[in-house]
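The values are calculated or read from the model by the stated rules, or taken from the named source; none is laboratory data. Keep in mind the model is a prediction, meaning the values are calculated, not measured. Here the Cβ positions follow ideal geometry from the backbone for every residue, glycine too, while neighbour counts run over all protein chains shown. Keep in mind that these areas ignore ligands, DNA and RNA; they rest on the heavy atoms of the full protein, side chains included. Shrake-Rupley method; radii C 1.70, N 1.55, O 1.52, S 1.80 Å.
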Amino acid sequence: MAERKSLTMVYRKVFIPLVYLLLAFQYCFADIRLPALFSDNMVFQQEMTVPVWGWADPGEKVIVEMEEYKAEAITNAEGRWKVRIGPLTAGGPFELLVYGNNTLRIVNVLVGEVWVASGQSNMAMEVRSCLNADEEISKAKNPMIRHFQVKRTKAAVPLEDVAPVVNSKNSWLNTWEVCDPTTAGHFSGTAYFFARNLYESRNIPVGIIHTSWGGTTAEAWTPRDTLENDPGLEAILEDWPGYNDDEEWLKQEYEEFVQEVKKARLEGRPEPLYFNQPSVLYNGMLAPLIPYGMRGVIWYQGESNAYRACQYRELFPAMITQWRRKWGQGDFPFLFVQLANYHFEPQVFPELREAQTMTLSLP
């Protein structure tokens with residue numbers, strides 16, 4: 001018994017402090033991490049002092065360098081840090097270094113024009129589905145154009161980074177891809193032709209951050225506080241399930257979701273989220289991009305709100321205003337495509353187009 005007590009005392013005096021020491025040692029030397037947007041082949045926005053941010057140990061000193069630009073920060077109590085470098089001049093390729101307890105080296109970095117591309121199926125449609133696709137893909141040899149496609153993700157609260165890619169077949173998601181015939185086929189067609197036109201007219205690098213999802217409503221891309229604090233929009237938070245009766249394919253999609261919810265409740269699991277649930281795409285696919293430096297947004301959406309065109313008059317400008325507010329870059333350009341004539345219940349699209357036209361009252 002005495003021997004057991006002696007061993008216990010040794011354990012308490014030696015082993016437990018040693019464990020704490022090892023944990024503390026490991027904690028002090030944890031790696032600096034960056035959001036997925038800061039990776040090889042990335043594009044920085046020109047003529048701007050751009051933010052660079054990430055995570056490390058609380059109190060750790062982090063230094064960021066690129067060419068003649070250098071900035072440093074001390075992480076806060078949660079281990080977050082952010083610096084700004086610039087204003088940057090178009091060009092490249094450059095190398096970005098981020099170091100503290102470890103060093104991150106990001107290569108083939110360009111500086112030019114960065115645009116966020118978002119919306120539903122017309123933005124999601126890939127180059128390989130566009131007119132003359134084979135010819136367009138074969139000609140897509142432009143290393144000055146880069147494309148970052150955000151993995152489709154639903155989230156109940158705003159995420160700090162894009163959701164991880166677990167399937168190796170989708171390894172091209174959440175990465176900056178250089179435009180060439182092997183990659184351009186799965187670029188957003190609308191975004192690619194926009195980027196190509198911009199490059200040809202300005203002769204500077206262009207980066208597209210593509211975050212879209214076919215069939216989605218504007219409220220799915222709108223921050224929750226925007227809906228909660230607007231008397232004309234707060235009903236969306238309660239009424240959204242009823243919006244899924246608009247079209248036949250939505251009815252089936254939503255019924256499958258209802259069955260998934262019932263099953264999750266029976267099994268005691270968290271309830272799944274629906275892709276057209278208010279704010280879930282803003283949380284999962286847009287919030288992780290903020291405040292990455294960019295010039296503006298291109299937007300192609302509206303079909304899924306066409307049956308509620310009157311509501312869109314308020315919803316669409318509210319979404320734009322809140323995106324601008326969250327980004328903190330002022331009234332950046334927000335370019336959108338007005339829906340074209342289409343044989344789809346003739347009275348519906350004209351009303352939605354009118355709502356889009358009314359949005360031009362925004363700066």
Residue tally, condition under 20 Å from Cys310 (Cβ atoms) and surrounded by fewer than 15 Cβ atoms within 10 Å (Cβ to Cβ), over the range 196-219: 0
Working only within the range 72-90, note down all residues that are open to solvent by less than 40 Å² (accessible area, probe 1.4 Å), without any contact (Cβ under 8 Å) to a residue 24 or more places away in the chain and in a loop (DSSP other than H, G, I, E, B). Thr75
Within the range 111-135, of all residues that are farther than 22 Å from Leu286 by Cα and of a type outside the set (Lys, Arg), the one surrounded by the most Cβ atoms within 10 Å (Cβ to Cβ) is Val127
Spot the failing condition for Tyr99; the list is (1) closer than 23 Å to Tyr199 by Cα; (2) open to solvent by 20 Å² or more (accessible area, probe 1.4 Å), and only one is missed. (1)
Taking only the range 61-71 into account, find how many residues are open to solvent by 20 Å² or more (accessible area, probe 1.4 Å) and either in contact (Cβ under 8 Å) with a residue 12 or more places away in the chain or under 15 Å from Leu110 (Cβ atoms) (or both). 6
Scan of the range 338-363 for residues that are assigned to a loop (DSSP other than H, G, I, E, B) and of a type in the set (S, T, N, Q), ordered by number: Gln338, Asn341, Gln347
Within the range 220-253, how many residues are open to solvent by 50 Å² or more (accessible area, probe 1.4 Å) and either within 15 Å of Tyr274 (Cβ to Cβ) or among the basic types (Lys, Arg) (or both)? 8
Go through the range 279-297 residue by residue and tally those that are in contact (Cβ under 8 Å) with a residue 40 or more places away in the chain, open to solvent by 10 Å² or more (accessible area, probe 1.4 Å) and not in a helix (DSSP H, G or I). 2
Members of the range 313-337 that are exposed (fewer than 15 other Cβ atoms within 10 Å of the Cβ) and either part of a helix (DSSP H, G or I) or touching a residue at least 24 places away in the same chain (Cβ under 8 Å) (or both): Arg325, Gly328, Asp331, Pro333, Leu335
